[in-house]
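Everything below concerns the one structure shown next.
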Amino acid sequence: MARYKDEQCRICRREGQKLFLKGSRCYTDKCSISRRNYAPGQHGQKRAKLSEYGTQLREKQKTKSYYGVGEKQFRKYFEMASNLKGVPGENLLKILESRLDNVVYRLGFGTSRAQARQFVNHGQFEVNGKKVDIPSYLVKPGDVITIKENKKDNATLKVNIEESNSRPVPAWLERDNTNFSGKVIRLAVREDIDLPIEEHLIVELYSK
C-alpha cells in the first residue's frame, strides 16, 4: 500500500491543526504548528477559502492522516460502515478505532499510531495468545492484546508504558501494566472518540 513518507509535520500544517502524528514531540515547543501555523509551500500563508467539496475532501484527508490509512483501504472501510446498521459516519470511526495499531496506541504502548504500527509490523504483539503482525487487523470485544514475552524487556515499550500512566485509557479498553497487556471491553462508540472529526462531511463526500 502506498504510504506518505514525507515530513509528517507538513500534514498537520496542511490541515491547520495538530494531528499528533509525531508522538511526544507534538506536546513540545518543537511542534511545527506552534512555530509555523500555516500551510507548507511558497503560498502557504495565503489560505484560500474552501468550497463545499474542498471542505469535505480535507475532512477525509485529515481522518486518513489520523489513522494512517490509504485511500483504497479507507474507501473499503466506508463501504463496510455503510453496510452496517446505524449511522455510516459513526460506523466508519468505530471500524478505524478497531484497528490493531490504533488499539496499541490507545493502550499507551506506542507514543503515536505510526510507532504502534511499526511495533505491530515487527511482530511484537499477540492477540489472544497468537502473534498478529497486521496493523489493520480489526479487534473484537473480549480480545486480549499482549506484548510478546520476549519483547517485554524492550526499553522503548517500557518507557512508553511508564509515560502513558498520565494518558487516560479509553473506556472501551482496559490496560494491565503488570502483565503488559490490554483488553477490548467493547467496541468504541462516538462519545469515546476524542478526535475533532466531522464524519458527516466524509459521508457527504462519498455520497456524491
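For segment 99-187, averaging the sequence separation of C-alpha pairs within contact (under 8 Å, six or more residues apart) and dividing by the residue count gives a relative contact order of 30 percent. Between LYS148 and GLU52, the distance separating the two model label sites (each 7 Å from Cα on the Cα→Cβ line) works out to 5.1 nm.
Each label point was placed 7 Å from the Cα along the Cα-to-Cβ direction; for ILE185 and ARG167 their separation is 1.9 nm.
Going from the fewest other Cβ atoms within 10 Å to the most, the residues THR178, THR146, THR55, THR111 appear in the order THR178, THR55, THR146, THR111.
No lab work stands behind these numbers, since they all come straight from the coordinates. Being a predicted model, the structure only gives us computed values, none of them experimental. All Cβ positions, glycine included, derive from the backbone under ideal geometry; neighbour counts span all protein chains shown.
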